[in-house]
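Worksheet for the structure shown next.
The values are calculated or read from the model by the stated rules, or taken from the named source; none is laboratory data. Since this is a predicted model, take the numbers as computed values, not measurements. Here the Cβ positions follow ideal geometry from the backbone for every residue, glycine too, while neighbour counts run over all protein chains shown. Calculation scope for accessible area: heavy atoms of the full protein, side chains included, ligands and nucleic acids excluded. Shrake-Rupley method; radii C 1.70, N 1.55, O 1.52, S 1.80 Å.
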Amino acid sequence: MIHATDDFMMSGIGIVVDDRISETDETKDGIANILEQIQKRNVPCVKYDVLPPQDSLKNFANVSFILLDWELWEKPEDNLIVEGVMTGGQQEADGIADNVAFLKSLREWCFAPVFLFSHLEPERIKKTLRDEGLLTEDESQSFIFVHDKKHLLHIEGENEYPLFSTVNNWIKNNPSMYVLTQWKKVVLKAKNNLFWDMYEANAGWPSVLWEAYEGDGDDPNYSLTDMLHRNMRGRMEPVAFDEDCVKSPEPTNPSKEDIRQILEASMIIDNSRLVSDQYRCGDIFRLDEGDNLLFKLNIRCDCDCIARDGNTENVMLYLLNGRVVNDDALSRDEVFSERFGFSRPMNRAYLFPIDHGKCVAFNFCDIKKVKVRDLVNEGSIRIGRVTAPHVTDIRQRYSLWLQREGLPKVPIVSVRGSMPTMK
């Protein structure tokens, strides 16, 4: 069993935001004490005494953690905090609004744990975050950790790194954050190995490949990206997760809807995450036909979905049409069996779950060549993109169906010994 070490969380570059970050007298606020713990562990960090400007957040994509003091507004010198209650009136309200706006904007650029430390009562801060949709009721599922700052200060003769111990205990009970930290290590190692190997082979390798792709008539953007993705995946080592950190100690008892939502997020990229004018194999479109929904799955190769003339509307897609399978059909063994899962008939493929938990059956006989322009004009909306291996399986099975060879029917009498009684 591999166990998380004491410093496994604080790896990489961090962001520290505190209005008194330049002060050295730790008795005033405690930030000097916390920074000293971080520096002793040789963890690099970027320091701010105010919230970072919005246009700088795009540079936060690879930060490992963010340490944020909740009280960044100007405080009166006397009677700053009375029994964990904030004072300051409008400055306080504006400061809270700025913090909330920062945390919401941050989600657009990075997925990293945010540690909110304050001398205020943590429950007051948590309530604000819950009201803004930034903190879940189950805090072990949240990306924000709220803690009393005074409990993180090192006291002579006691735990030398209370900050690290507190954070690591939270991480060990937060599966999303724990998996993120362990997976990021493997990804970064694979990326570094890939680029060093390519650099040592030829420092100008991007130019060489770009010219080669152009010479072959391929789209250099797609081909170069595809090469990097394939090499990254091939170089990534299996991640050694600690079961105690990933698996909940208590049964979670998720509902059918919860499981469908997780499965859908794991196999389908939502349209909001896709480039609006780029189409690829696996793109799913939905057309509302009144009482019925028609789904369309593009199975044309990525390289053939590139707008070589620069006009995306002219791209031709190969679309399999599919219909929703209702719950009554899903309960039948010929559609889904507990032992074998979804059936795999020769002329049909099931995709589940998509579009908020639906099951859709795509008929191989019902395929059409449609230009993007015509899709838009008829009202079809792209809802996402199916990832491999799910879309790969459908494409391969369609190819087998398309190239099947017809065989003469075996006479019934040769097997049964007599002709069946006609009804």
Seminar exercise, completed: The percentage of the accessible area of the stretch 282-406 (probe 1.4 Å, all protein chains present) made up of carbon and sulfur atoms, to the nearest whole number, is 47
Problem set entry | For the stretch 100-222: rounded, prolate or oblate by the Cα gyration tensor [a/c cutoff 1.5] | prolate
Exercise. What 222 nm value per residue comes from the helices of the chain, counting each DSSP H run with n ≥ 4 as -39,500 (n - 2.57) and dividing by all residues, nearest 500 deg cm²/dmol?
Worked result: -10500 deg cm²/dmol
Problem set entry | Within straight-line cross-link reach of Lys104, lysines at Cα separation under 17 Å, skipping those fewer than 8 residues along the same chain | Lys58, Lys126, Lys127
Problem set entry | Whole-angstrom Cα spans of the chain along principal axes, big to small | 98, 57, 49
Exercise. If you line up the Cα atoms of the stretch 295-423 on their principal axes, what length do they span on each, largest first, in Å?
Worked result: 65, 33, 29
For this session: Find the lysine pairs in the stretch 157-301 meeting two conditions, Cα atoms under 29 Å apart and a separation of 8 or more places or different chains, and report how many there are.
Result: 12
For this session: Using only alpha carbon pairs under 8 Å that are at least six residues apart, calculate the relative contact order of the stretch 96-235 and give it in whole percent.
Result: 17
Exercise. Hey, what angle do you get for helix 175-201 against the long axis of the chain, alpha-carbon based, 0 to 90 degrees rounded to 10?
Worked result: 80
Exercise. Any idea of the accessible area per residue across the stretch 125-181, 1.4 Å probe, to the nearest Å²?
Worked result: 47
Exercise. What is the extension gain from Gln141 to Ala203, computed as 0.36 nm multiplied by their sequence separation minus the C-alpha to C-alpha distance, in nm to one decimal?
Worked result: 18.0 nm
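Return the inverse of the average 1/r over all pairs of distinct C-alpha atoms in the stretch 233-285, which is the Kirkwood hydrodynamic radius, in Å to one decimal.
Working: mean 1/r = 0.0669 Å⁻¹.
Evaluated over the stretch 233-285, this radius sits at 14.9 Å.
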Problem set entry | Dipole of the chain [Lys/Arg +1, Asp/Glu -1 at C-beta], most positive-end residue of Ile34, Ile66, Pro254 | Pro254
Seminar exercise, completed: Ranking Met346, Leu294, Leu224 by how far each Cα lies towards the positive end of the charge dipole of the chain (+1 on Lys and Arg Cβ, -1 on Asp and Glu Cβ), the top one is Met346
For this session: Any chance you could give the angle, 0 to 90 degrees and rounded to 10, that helix 390-402 forms with the longest Cα principal axis of the chain?
Result: 10
Exercise. Using the alpha-carbon atoms, what tilt in degrees (0 to 90, nearest 10) does helix 220-235 show relative to the longest principal axis of the chain?
Worked result: 70
Problem set entry | Euclidean distance of C-alpha centroids, the stretch 393-411 and the stretch 172-228, integer Å | 38
Exercise. Under the definition of Cα pairs under 8 Å and six or more residues apart, what whole-number percent is the relative contact order of the stretch 326-423?
Worked result: 16
Exercise. Roughly how big is the stretch 98-140's charge dipole about its Cα centre, with Cβ charges of +1 (Lys, Arg) and -1 (Asp, Glu), in debye to the nearest 20?
Worked result: 100
Seminar exercise, completed: Mean separation of Cα contacts under 8 Å (at least 6 apart) over the residue count of the chain, i.e. the relative contact order in percent, is 12
Exercise. If you place +1 on the Cβ of every Lys and Arg, -1 on the Cβ of every Asp and Glu, and leave all else neutral, what size is the dipole of the stretch 269-345 about its Cα centre, to the nearest 20 Debye?
Worked result: 280
